[in-house]
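Structure first, then comments.
Just so it is clear, none of the values below were taken in a lab; they were calculated from the coordinates. All values reported here derive from a predicted model rather than from experimental measurement. Positions of Cβ are generated from backbone atoms using ideal geometry, with glycine treated the same way; all protein chains shown enter the neighbour counts.
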Amino acid sequence: MDIFAKAVQFTRAKELQATGFYPYFFPVEGSEATEVVIDGRRRVMVGSNNYLGLTHDPRVVEAAQAAIRKYGSACTGSRFLNGNTDLHERLEDELAKLTGKAAGLVFSTGFQTNLGVISALVSRNDVVYIDKLNHASIVDGCFLSLGETVRFRHGDLDDLESQLRRSDEGKGKLIAVDGVFSMEGDIADLPRLTELREEYGARLLVDDAHAIGVLGPTGAGTAEHFGLTDQVDLILGTFSKSFASIGGFVVGDEPVIHYIKHNARSLIFSASMPPSACATVLACIDVLRQEPERRLRLWDHARKMRAGFTSLGFDIGDSQAPIIPVIIGDNFRTFQFWKALFDNGVFTNPVVSPAVPENSARIRTSYIATHTEEQLDFVLEVFGRVGRSMGII
Ligand SMILES: Cc1ncc(COP(=O)(O)O)c(C=O)c1O
């Protein structure tokens with residue numbers, strides 16, 4: 001059997017391309033954050049994770065440029081050896097301060113952070129409990145670990161509790177959840193999760209990729225939002241969303257971070273974040289502190305869009321964050337809807353099964369603090385017009 005046979009047999013994407021409704025890998029030819037140019041035409045962007053709108057902020061861009069001038073374009077090596085700089089360490093201190101934790105560690109991506117943290121911590125005699133809709137990087141971190149993985153139904157903490165009740169007392173336990181779920185926009189029930197952590201002697205890891213810079217009075221994430229920072233053992237995050245760059249981090253108690261630093265293979269055997277990315281994130285943290293109104297504007301936008309979609313008659317699930325899914329159901333109909341939005345000047349993300357459960361395919365929309373009211377009104381007007389013409393509303 002030729003190992004490449006599966007590639008020849010893989011026709012699903014090509015079949016979709018032939019229909020003209022293939023929605024992936026579009027090259028963006030220019031960007032001003034809230035609007036992008038694709039195929040020579042401007043489209044309002046409601047499919048990014050640029051929550052604070054900082055990718056084009058002059059202070060952020062200048063910080064990145066200054067770091068390139070000082071350190072060059074990259075470190076060309078792992079932090080373990082030649083790829084560590086004072087900027088990486090300053091960033092770790094700032095992240096620990098921002099989240100109210102003792103120590104921090106930065107990785108080259110958020111994905112690698114989950115791979116490294118979970119595989120380093122969950123050993124042969126341990127169990128990791130994960131929500132079924134957690135991000136792929138948590139799932140893959142579990143695959144890499146030597147321990148047992150137990151999945152519970154999305155948001156169903158009775159299901160989690162019954163699994164915990166059945167667990168072997170002698171095993172180490174880690175509960176890992178997304179703080180804000182990336183395709184649903186709902187928020188993990190940390191009050192109940194922290195009770196279960198306490199009752200069953202488990203540790204709790206929260207992936208705040210979509211909550212850092214967004215949730216909590218200072219933008220420190222889901223734990224801050226609920227006032228439960230001390231009861232969450234590890235907070236993970238990424239720099240590819242609110243922090244306008246690339247990279248990831250974990251914060252927690254010093255001995256745990258020290259252990260991860262010396263055992264996470266995705267940290268040790270991979271080149272470090274470029275210094276310009278560290279400088280970008282440091283500048284974003286400054287802006288987050290100086291301009292809380294950005295976060296508040298983002299929440300105003302989310303409220304406006306939730307009300308707008310609902311009054312148009314769309315199903316937006318349980319969205320509680322600046323991620324708002326518009327649920328269509330059927331995969332192909334979702335591609336058709338996506339294409340009509342795109343052709344009418346609105347860029348969104350189609351998310352179909354198996355990435356989401358069968359018959360819950362959706363258009364994922366997400367918002368940027370710097371969107372204007374006019375842009376958001378335009379998005380609602382296009383959704384309404386297309387939705388009516390396709391009989392979705
Ligand atoms: C919940 C969650 N965790 C982790 C990641 C991975 O982050 P990164 O883009 O930095 O690899 C993402 C990105 O989509 C995410 O949504």
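Comparing the chain with the 2.2 N^0.38 Å rule of thumb, its C-alpha radius of gyration ratio is 1.00 (two decimals). For the chain, a Gaussian network of Cα nodes joined below 10 Å ranks G100, G221, G72 by mean-square fluctuation, and the top entry is G72. If you run the Gaussian network model on the chain, springs between alpha carbon atoms under 10 Å, then out of L215, L164, L52 the most flexible one is L164.
Stokes-Einstein diffusion for segment 58-288 at 20 °C, viscosity 1.002 mPa s, with a Kirkwood radius from C-alpha pairs, works out to 122 µm²/s. Sorting M1, M273, M305 from the fewest to the most surrounding beta carbons within 10 angstrom yields M1, M305, M273.
On the beta carbon distance between D39 and A307, with R0 = 41 Å, the FRET formula returns roughly 0.80.
Simple point charges give the picture: +1 on the Cβ of Lys and Arg, -1 on the Cβ of Asp and Glu, and for the chain a dipole about the Cα centre of about 860 debye.
Over all directions, the projected convex hull of the C-alpha atoms in segment 99-160 averages 5.1 nm² in area. For T109, the residues whose modelled amide H falls within less than 5 Å of its own, excluding neighbours fewer than 5 places apart on the same chain, are G248. Taking the DSSP beta bridges in segment 58-288 as the whole, what percent of them are antiparallel, to the nearest 5? If we restrict to bridges inside segment 58-288, about 40 percent are antiparallel. State the Kirkwood hydrodynamic radius of segment 199-336 in Å, one decimal place, computed from all pairs of distinct Cα atoms. It works out to 17.5 Å.
Take every DSSP beta bridge whose two residues both sit in the chain; close to 55 percent of them are antiparallel. Applying a threshold of 22 Å to the alpha-carbon distances of K14/K339; K97/K304; K97/K261; K14/K241 flags K97/K304; K14/K241 as lying beyond it.
Going from the residue with the fewest nearby Cβ atoms within 10 Å to the one with the most, V232, V8, V44, V382 rank V8, V382, V44, V232. When only alpha carbons are used to place a centre, segment 130-158 and segment 38-77 end up 32 Å from one another. The Kirkwood radius of segment 252-393, taken over pairs of alpha-carbon atoms, gives through the Stokes-Einstein law at 37 °C and 0.692 mPa s a diffusion coefficient of 184 µm² s⁻¹. Note on K6: aspartates and glutamates with a C-alpha under 17 Å away, same-chain residues under 8 apart excluded, are E15. Reducing segment 257-285 and segment 215-229 to their Cα centroids gives an inter-centroid distance of 23 Å. In the chain, if the dipole is taken from +1 on Lys/Arg beta carbons and -1 on Asp/Glu beta carbons about the Cα centre, which of V326, L288, G72 is farthest to the positive end? The one lying farthest along the dipole's positive direction is G72.
Between the amide H of L52 and those of A369, distances stay under 5 Å, these residues lying 5 or more places away or on another chain, with hydrogens modeled in the peptide plane.
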